[in-house]
4 protein chains.
Amino acid sequence: MIYFLSDYSQGAHPKVMEALERTNMEHSNGYGLDEHCEKAMEIIKNIIGIDNCEVYMMIGGTPCNVTIISASLRPYESVVALRTGHIYFHETGAIEATGHRVVALEGENGKMTPELIDKAREEYEDEHTPLPKMVYISQPTECGSIYSKAELAAIRKKCIENDMYLYVDGARLGAALTAEDNDLSIRELARLCDAFYIGGTKNGALFGEALVICNNKMNDHFRFMMKRQCNLLAKGRLIGVQFEALLDGGENSIYFEMAEHANRMCKIIRDELKRLGIDFYSSSQTNQLFPILPVKVVDELEKEFCFYRWAKEKDGMIPIRLVTGWGTEQKDVEALIKAIKQNYQR
Amino acid sequence: MIYFLSDYSQGAHPKVMEALERTNMEHSNGYGLDEHCEKAMEIIKNIIGIDNCEVYMMIGGTPCNVTIISASLRPYESVVALRTGHIYFHETGAIEATGHRVVALEGENGKMTPELIDKAREEYEDEHTPLPKMVYISQPTECGSIYSKAELAAIRKKCIENDMYLYVDGARLGAALTAEDNDLSIRELARLCDAFYIGGTKNGALFGEALVICNNKMNDHFRFMMKRQCNLLAKGRLIGVQFEALLDGGENSIYFEMAEHANRMCKIIRDELKRLGIDFYSSSQTNQLFPILPVKVVDELEKEFCFYRWAKEKDGMIPIRLVTGWGTEQKDVEALIKAIKQNYQR
Amino acid sequence: MIYFLSDYSQGAHPKVMEALERTNMEHSNGYGLDEHCEKAMEIIKNIIGIDNCEVYMMIGGTPCNVTIISASLRPYESVVALRTGHIYFHETGAIEATGHRVVALEGENGKMTPELIDKAREEYEDEHTPLPKMVYISQPTECGSIYSKAELAAIRKKCIENDMYLYVDGARLGAALTAEDNDLSIRELARLCDAFYIGGTKNGALFGEALVICNNKMNDHFRFMMKRQCNLLAKGRLIGVQFEALLDGGENSIYFEMAEHANRMCKIIRDELKRLGIDFYSSSQTNQLFPILPVKVVDELEKEFCFYRWAKEKDGMIPIRLVTGWGTEQKDVEALIKAIKQNYQR
Amino acid sequence: MIYFLSDYSQGAHPKVMEALERTNMEHSNGYGLDEHCEKAMEIIKNIIGIDNCEVYMMIGGTPCNVTIISASLRPYESVVALRTGHIYFHETGAIEATGHRVVALEGENGKMTPELIDKAREEYEDEHTPLPKMVYISQPTECGSIYSKAELAAIRKKCIENDMYLYVDGARLGAALTAEDNDLSIRELARLCDAFYIGGTKNGALFGEALVICNNKMNDHFRFMMKRQCNLLAKGRLIGVQFEALLDGGENSIYFEMAEHANRMCKIIRDELKRLGIDFYSSSQTNQLFPILPVKVVDELEKEFCFYRWAKEKDGMIPIRLVTGWGTEQKDVEALIKAIKQNYQR
């Protein structure tokens, strides 16, 4: 079987494993209060060029989302997202579990816009309605698309006008930063939002995400919230060690190298499918691809390849999701293309 | 000023006041465990013709909604409603405060349909998504429309197919039951849902709603949930006394008489506005009306009448909400019609 | 049957009923935004002699407690109370339902002390422990005892030292203010805490409490929290009207008159029982009394009188609770004393 | 510096690291639905000799506690624990965050008893009080003591009598199972409770605990609760791989070997301190030790050794906590003993 199932189906980059091995018998303080976490935080502050912020070593993406949202909002405040946003469609109501509404909007290609924020604000009247206080977006989006610098700046502007926080879920941030079409650096991103995270799980870590909170109002007693929401790892060191290894060398680190590789593998497939005239369910610019294929072709492909059927069949056609990762090899990509060609053109 | 602001802007029907006065110095057990509550429950069981159910004397509508939803759902389960549904648009996230998502759907004229339930179910996949377990509707809807017996039966069927509860918010239930177009008796309603409430606040009580739970699974430890969610009144007797007075005589009681009056007053206005060729924001069959009027006319009307502007102005036109109640007098209605005619036709 | 069951087993003072009757057909804005609530708030501000505060018309005591606690605390903060405190022992976990711990301490005679606050603070270490942020007490306590001015000042001092809020549950505040031993005026009380409420339910209202928040940090968006926690009454006017009637005349109002009467009725019983050498379960200074009587005497008394058995039987003796209210008549008190004497001395 | 700080200050047993390395490039399904988790579950079912149960691969101890408690209790139900219990004293209110009270009791030497459960039940009356539904204990306790088979059976009996669940936190379960005094096998433990977990973090894993739920009522939709409460790891495989390595060989596995080693190292210290006539803050039978030492001695020891001061100084004496782990070497233990002797006897 060849896997295009997800970018978290394999383990960690060898350099990450090597770092975990090397530091295994060190003694350290628990709960992220150790030298490796300290060092990883420093590296991240350097990369984003902001010193007056806090970085937290988090266990996973949902933990990041739940902790920052429940820590930042007062009980009657809500967070605005797209229906395709991870906090709405794939976290089993973990945000609502903390007492906050996720206002879910229909968007195009996974993207939030200032107009959609206006629409969410229209639901707000007075003490009878929740107060929308945060905008949640992902870079790249769940559809694989990315926000341009101008698009993000427009969203940020709208947030400021409405006294709302802007939080960016960066589960696949590497893929966005290294996308061919990208014009938004991580330094710019950090300045255009209140908080974001640098995803490790989906880009070569065993697990772990680095949450960066630039708006210091949101840093108040944040570690209390981490513990309360089950997101304070006893051996917190593990996440620090991994991010040290991932980001060592800054923009020349394996973090960027791996993400760029995944994007490049995906682009080979995308270009080939476009050449075949295949349509896409959504327009991705990163390491995910959503081609719409004849069910019969999909049935055939599944004998050799592993991937998700992404939506319901319609008129004999079905969208699938193909994801490339840091471990995807060129020969796998070529095998896939060959198989699609064979089956598609019959 | 003449009021068409709401059906809860005045006090209680004189007979309700008289009952409160008459019983004022009685001693009784607290928290709804008294003879008046007992008696009111009996009357309601007789009216709906079901004995194997429980009736609870609740403080208000939001308390009913919050208590039944949080008592019935497991933590990962959600409730499906329209964006116009009261639990979504007018309760400041009180449902989410108990940890449950309200799945909000766009509907027409305030009405849930089997197709919309299907749409909500499509968001459900597996342990990564909340499980939609309850459908919330209002009879009449927030737009003033009513479900026909066939419409309700179709929703019920869809709920049963999907193992979902059906809960009916009856804040204005009297208005639905006495609407000209209504073909759904309270006995039929009680059999077509798992739980519903008979609204008092908006139909002649000082306050209070009678929540009827027909599905006994939902009755388990319900009084614990009432207390936990702030909905157990010390002098619970007060609600029992009011419902005794409201429902004494069953379908010939002042409850039905008041609702029928409010509908009749509204119909006079509706018929006249239709005659004038005025459009409506939504199509109401009960005691609310949403005419779209020129802003200039509205400006004039506001000098003499009290009502809500219901949505944003557009091209010089704006929808307003007119509500009639048990206390609305025919002369008020006539004054309103006269004023609209004068201003509209200029 | 003669009732010493509770001070909320009867209805409202005739003047309250009369006010409700008189205003019944007025039209008013909903949700406490009407002239009667406005007027009641003014009266209360005058009584306490503080203008820079907010007053909210609340439905009941548990609603007051839940709303102020959940509005004031951040998610990881806790509230400190006695095990006998109402929020711990009689609200079905309604505080915990909003995500906050109630730190429960063993105290004597229902009273919080600075030393107990220290003890609660000792459980606090760092981000692994909840942060105690509020002290909850009742005046009078659940045991009927009252805090002296010096005692309250000492608690307040300890709160300030630890950056904690002090909130006083005044469900029976009238009884404390009019107690023979009381040296703490309502003006002083208001200055010695961050928030407190003036209880209506247990002193001659149908229902309703007036919550006074003197610390303006705690007033931020409070009405949003009222709605979210089910405590915004549609016909909010009802509570305003009642407090207007209750407090009209300030310290000469029926509010103080009723409380003083209840205390006086209780004192007659207390003095007589002391003369009989009867012991008490706790030492009450207000309108509750907890005599420990032989079970056989209690069995006899129950044939004629209604009251609670308060704790478990031990060695043939059992504590009962006797409560007098504004409606308790002198002849009832005399009948009770006579019956106790007859049974006790046999 | 020599560390006696905690049993989670170092990394993982070399065999665990080797297994992670070996499986690193395998592709697998996410979220614990892979072959390694499957295999680990089988091993555990064999060890406990129960097939009709479920095993879940959890991220940490607090996640286990929060998920099982919030999944098992209805909203008005509470969990009973000691004040020294982890869920009460060291989880920042994470249980209360899910809406449930932790009833906190004073116990001796960290142990729950049937009498204490009775005491907690006494707080329960009716719908005005939370319903205690679960007993939470740790084996070993936070004080290092262990429950004998007879003690656990007595607790279990009391739980059954009161229709309560019994849940055992096994963060250091290995230490209990291999303690010299232990008479309770893991097979017996599994039959004497409804659920328990086998701790990995504190016994040679990088992270991860295996939660075993024997009472199938508690297994309903449990994975939904894992996701909702932030406890579903994307690369769930990691926990499975670790438990495969830890438990391979059953009672002869490195899991038992490591725990036995830690206990043995601790016993050497304990025996020596006893010989010196040193008193203990609590009586531990496992790998934690709480000697009370002169502050001056502690000051000296801290120059060379790392450990916690455990409580406040009193009369020049202070309790410290010494913890041994799988990585503690005999020479470290000898160095510690030598240093204590030198300083203590001066």
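The values are calculated or read from the model by the stated rules, or taken from the named source; none is laboratory data. Just so it is clear, the model here is predicted, and its values are computed rather than measured. Cβ placement follows ideal geometry from the backbone for every residue including glycine, while neighbour counts extend to all protein chains displayed.
Okay, residues lined up against (1) surrounded by fewer than 23 Cβ atoms within 10 Å (Cβ to Cβ); (2) within 23 Å of residue B:267 (Cβ to Cβ):
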{"residue": "B:127", "(1), (2)": "yes, no"}
{"residue": "B:133", "(1), (2)": "yes, no"}
{"residue": "B:137", "(1), (2)": "no, no"}
{"residue": "B:140", "(1), (2)": "no, yes"}
{"residue": "B:144", "(1), (2)": "no, yes"}
{"residue": "B:151", "(1), (2)": "yes, yes"}
{"residue": "B:154", "(1), (2)": "yes, no"}
{"residue": "B:162", "(1), (2)": "yes, no"}
{"residue": "B:167", "(1), (2)": "no, no"}
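Does residue C:92 fit the bill of being within 19 Å of the chain's Cα centre (by Cα), assigned to a loop (DSSP other than H, G, I, E, B) and among the β-branched types (Val, Ile, Thr)? Against the criterion (within 19 Å of the chain's Cα centre (by Cα), assigned to a loop (DSSP other than H, G, I, E, B) and among the β-branched types (Val, Ile, Thr)), residue C:92 qualifies.
Would you mind stating whether residue B:318 is assigned to a helix (DSSP H, G or I), among the aliphatic types (A, V, I, L, M) and either in contact with a Gly (Cβ under 6 Å, 6 or more places away or on another chain) or not assigned by TED's automatic domain parsing to the domain that holds residue B:70 (or both)? Here the answer is no, as residue B:318 does not meet what is asked.
For the range B:297-316, the set of residues classified as loosely packed, with under 14 Cβ neighbours inside 10 Å and either in contact (Cβ under 8 Å) with a residue 12 or more places away in the chain or under 24 Å from residue C:29 (Cβ atoms) (or both) consists of B:299, B:302, B:303, B:304, B:312, B:313, B:316, listed by residue number. In the range A:194-238, the qualifying residues are those that are at the interface with another protein chain (Cβ under 8 Å from one of its Cβ atoms) and in contact with a strand residue (DSSP E or B) (Cβ under 8 Å, 6 or more places away or on another chain), and the one that is farthest from residue A:327 (Cα to Cα) is A:221. For the range D:187-197, state whether one or more residues are buried (at least 22 other Cβ atoms within 10 Å of the Cβ) and among the hydroxyl-bearing types (Ser, Thr, Tyr). Looking for residues that are buried (at least 22 other Cβ atoms within 10 Å of the Cβ) and among the hydroxyl-bearing types (Ser, Thr, Tyr), one finds at least one in the range D:187-197, hence yes. Please determine, by comparing only the residues of the range D:17-75 that are within 30 Å of residue B:222 (Cβ to Cβ) and in a loop (DSSP other than H, G, I, E, B), which one is farthest from the other protein chains (Cβ to nearest Cβ). It comes out as D:73. Any chance the range A:41-61 includes a residue that's closer than 22 Å to residue B:74 by Cα and either assigned by TED's automatic domain parsing to the domain that holds residue A:282 or in contact with a strand residue (DSSP E or B) (Cβ under 9 Å, 6 or more places away or on another chain) (or both)? Looking for residues that are closer than 22 Å to residue B:74 by Cα and either assigned by TED's automatic domain parsing to the domain that holds residue A:282 or in contact with a strand residue (DSSP E or B) (Cβ under 9 Å, 6 or more places away or on another chain) (or both), one finds none in the range A:41-61, hence no.
Among the residues of the range B:40-48, is there at least one that is touching a Cys at 6+ places or on another chain (Cβ under 9 Å), at pLDDT 95 or above and of a type outside the set (Val, Ile, Thr)? Yes, the conditions are met somewhere in the range B:40-48.
Return the residues of the range D:97-110 that are on the phi < 0 side of the Ramachandran plot, touching a Leu at 6+ places or on another chain (Cβ under 9 Å) and either β-branched (Val, Ile, Thr) or touching a residue at least 24 places away in the same chain (Cβ under 8 Å) (or both); say none if nothing qualifies. If the condition is that a residue be on the phi < 0 side of the Ramachandran plot, touching a Leu at 6+ places or on another chain (Cβ under 9 Å) and either β-branched (Val, Ile, Thr) or touching a residue at least 24 places away in the same chain (Cβ under 8 Å) (or both), then D:98, D:100, D:105, D:106, D:107 are the ones that fit.
Residue-wise test of (1) of a type in the set (Ser, Thr, Tyr); (2) part of a loop (DSSP other than H, G, I, E, B); (3) surrounded by fewer than 24 Cβ atoms within 10 Å (Cβ to Cβ); (4) touching a residue at least 40 places away in the same chain (Cβ under 8 Å).
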position: A:181; (1), (2), (3), (4): no, yes, yes, yes
position: A:204; (1), (2), (3), (4): no, yes, no, yes
position: A:226; (1), (2), (3), (4): no, no, no, yes
position: A:251; (1), (2), (3), (4): no, no, yes, yes
position: A:260; (1), (2), (3), (4): no, no, yes, yes
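Could you list, in sequence order, all residues of the range C:259-311 that are within 14 Å of another protein chain (Cβ to nearest Cβ) and hydroxyl-bearing (Ser, Thr, Tyr)? Matches in the range C:259-311: C:308 only. Scanning the range C:266-285 for any residue that is buried (at least 17 other Cβ atoms within 10 Å of the Cβ) and of a type in the set (Lys, Arg) turns up at least one such residue.
The condition (being assigned to a helix (DSSP H, G or I) and either farther than 19 Å from residue B:5 by Cβ or at pLDDT 95 or above (or both)) is satisfied by just one residue among B:269, B:292: B:269. Inside the range D:76-97, residues that are crowded, with 24+ Cβ neighbours inside 10 Å and within 19 Å of residue D:194 (Cβ to Cβ) make up a count of 8.
Can you tell me which residue among D:94, D:71 is over 25 Å from residue D:154 (Cα atoms) and either charged (D, E, K, R) or free of Cβ contacts under 8 Å to residues at least 40 places away in the same chain (or both)? Unique residue meeting the criteria: D:94. Take the conditions (1) under 22 Å from residue C:221 (Cβ atoms); (2) in contact with an Asp or Glu (Cβ under 8 Å, 6 or more places away or on another chain); (3) small (Gly, Ala, Ser); residue C:85 misses just one of them, which is (1). Does at least one position in the range C:18-27 carry a residue that is hydrophobic (A, V, I, L, M, F, W, C), free of Cβ contacts under 8 Å to residues at least 12 places away in the same chain and more than 27 Å from residue C:327 (Cα to Cα)? Within the range C:18-27, one or more residues are hydrophobic (A, V, I, L, M, F, W, C), free of Cβ contacts under 8 Å to residues at least 12 places away in the same chain and more than 27 Å from residue C:327 (Cα to Cα). Taking into account only those residues within the range D:81-134 that are more than 28 Å from residue C:73 (Cβ to Cβ) and hydrophobic (A, V, I, L, M, F, W, C), which is nearest to the other protein chains (Cβ to nearest Cβ)? Ranking the qualifying residues of the range D:81-134, first place goes to D:116.
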